[in-house]
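Chemist: Mind looking over this structure? Questions follow.
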Amino acid sequence: MAARRVLITGVANFWGSALAARLAVEPAVEAIVGDRDPASSVRATVELIRGDLRE
């Protein structure tokens with residue numbers, strides 16, 4: 001199975017951080033990308049992008 005890259009909008013809120021934490025331990029997930037600074041517990045596993053998702 002191919003590795004997956006996951007974009008989580010709202011990664012800074014409770015549900016987004018919880019989802020990032022669960023996905024971080026999945027071997028099929030290559031990268032987690034977020035639109036805001038996540039909680040400190042998952043910060044090391046999330047790559048941040050700055051930009052407008054509508055563009």
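Chemist: Can you check what the net charge comes to around L23, using other residues whose Cβ is under 13 Å from the Cβ of L23 (Lys, Arg +1; Asp, Glu -1)?
Modeler: Values: positive: R4, R5, R22; negative: E26, E30, E47.
Its environment carries a net charge of 0.
Chemist: By average Cβ neighbour count within 10 Å, what is the ranking of 11-20, 26-35 from highest down?
Modeler: The densest-packed peptide leads the list: 11-20, 26-35.
Read-outs: derived from the displayed coordinates by stated rules, not from any lab. A quick note: this is a predicted structure, and the numbers were derived from the prediction, not measured. Note that we place each Cβ from the backbone using ideal geometry, even for glycine, and neighbour counts take in every protein chain shown.
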